[in-house]
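This report concerns only the one structure given below.
The values are calculated or read from the model by the stated rules, or taken from the named source; none is laboratory data. Not measured: the values here are computed from a predicted model. Here the Cβ positions follow ideal geometry from the backbone for every residue, glycine too, while neighbour counts run over all protein chains shown.
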Amino acid sequence: MEKQKNKIMPKLLIFNWKAKVLNQTEALNLISEYQKFKTPIVVAPPYVFLPTIKDFDLSSQDVSASKPGAFTGEVTVEMLKNLDVKMCLLGHSERRHVFNETDKMIADKMRRVLENNLTPVLCVGETWEERQNNFTQNVVKRQLDAGLLVMRDFPEAKLIVAYEPVWAIGTGKADEPKDSLVVIKYIRNLLQEANIKEYLTIYGGSVSSKNILDFLIYSEIEGALIGSAGVDIEDIKKMLQIF
């Protein structure tokens with residue numbers, strides 16, 4: 001796989017900091033490390049660090065389905081847009097399974113994102129039990145269909161779909177690239193059937209410098225959503241040197 005690295009075309013790399021960066025110093029140290037490389041990346045920090053980050057495209061980790069108003073604690077799309085955020089993660093497995101977000105709740109957020117001309121990054125994926133029972137495609141289709149219904153009203157909008165098997169998130173156990181490729185090809189077929197004009201399909205789930213090439217060698221896997229490795233200085237160095 002090493003000998004193939006120079007053949008890797010530019011890919012979308014989204015670094016999701018989750019809630020792992022605790023202060024401004026840590027945030028600036030990570031940005032300083034990213035800046036040592038010419039690799040274009042998207043940074044998805046906690047809301048409080050969005051104004052700190054310069055010279056990189058920004059994604060939020062989530063967004064409210066509410067419009068501006070009396071909604072204590074909410075962060076609206078309009079606020080993000082004023083901070084020059086370009087993308088919003090929606091339906092990450094931690095939002096679905098820890099915070100019990102439903103497909104309907106995620107679709108409502110997606111509508112707000114599209115109304116404001118930001119790009120949704122819709123995360124889909126199955127649990128280990130669902131994988132074992134051969135329900136992967138059923139689950140992915142259900143999650144994706146909720147978003148595709150919204151996309152009908154925005155035919156010119158771009159959609160990014162991140163396939164993230166739930167059991168691979170934060171466990172250090174990534175999916176087999178060939179297995180993820182099967183699912184991503186299935187997702188791409190669904191997007192084509194829905195006449196989505198512009199889309200990207202990416203993989204997420206324990207991506208690191210050790211395995212990122214194994215996924216991105218496939219043309220259908222057009223990028224990666226990177227969690228823990230994206231806040232690990234040593235892993236960042238190894239990963240960004242590849243591109």
For region 125-166 the number of residues that are aliphatic (A, V, I, L, M) and in contact with a Cys (Cβ under 6 Å, 6 or more places away or on another chain) is 1
Those residues of region 1-40 which are touching a helix residue (DSSP H, G or I) at 6+ places or on another chain (Cβ under 9 Å), modelled with pLDDT of 95 or more and β-branched (Val, Ile, Thr) amount to 14, 21, 31
Here the residues within region 45-56 that are assigned to a loop (DSSP other than H, G, I, E, B), surrounded by 14 or more Cβ atoms within 10 Å (Cβ to Cβ) and more than 17 Å from the chain's Cα centre (by Cα) are 53
Among residues of region 17-33 being crowded, with 16+ Cβ neighbours inside 10 Å and among the hydrophobic types (A, V, I, L, M, F, W, C), the residue nearest to residue 94 (Cα to Cα) is 17
Margin query: Would you confirm whether or not region 183-199 contains a residue that is touching a helix residue (DSSP H, G or I) at 6+ places or on another chain (Cβ under 8 Å) and of a type in the set (S, T, N, Q)?
Written below: no
>> If I filter region 110-123 for residues that are under 17 Å from residue 182 (Cα atoms), touching a helix residue (DSSP H, G or I) at 6+ places or on another chain (Cβ under 9 Å) and modelled with pLDDT of 95 or more, do I get at least one hit?
In response: yes
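Which residue is surrounded by the fewest Cβ atoms within 10 Å (Cβ to Cβ), if the candidates are limited to region 57-69 and must be polar (S, T, N, Q) and touching a Leu at 6+ places or on another chain (Cβ under 9 Å)? Give the steps one after another, and end with the answer.
Of the residues in region 57-69, the ones polar (S, T, N, Q) are 59-61, 64, 66.
Subsequent filtering for residues that are touching a Leu at 6+ places or on another chain (Cβ under 9 Å) retains 59-61.
Values: 59: 25, 60: 24, 61: 21.
By that ranking, first place goes to 61.
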Of the residues in region 162-202 that are within 26 Å of residue 117 (Cβ to Cβ) and among the aromatic types (Phe, Trp, Tyr), the one that is farthest from the chain's Cα centre (by Cα) is 199
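Take the conditions assigned to a strand (DSSP E or B) and touching a Phe, Trp or Tyr at 6+ places or on another chain (Cβ under 9 Å) and apply them to residue 123. Does it pass?
Against the criterion (assigned to a strand (DSSP E or B) and touching a Phe, Trp or Tyr at 6+ places or on another chain (Cβ under 9 Å)), residue 123 qualifies.
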When restricted to 64, 59, 32, the only residue touching a residue at least 60 places away in the same chain (Cβ under 8 Å), of a type in the set (Ser, Thr, Tyr) and either at negative phi or not in a loop (DSSP other than H, G, I, E, B) (or both) is 59
Note to self: Being surrounded by 14 or more Cβ atoms within 10 Å (Cβ to Cβ), outside any strand (DSSP E or B) and free of Cβ contacts under 8 Å to residues at least 12 places away in the same chain: is that true of residue 74 here?
What the structure shows: yes
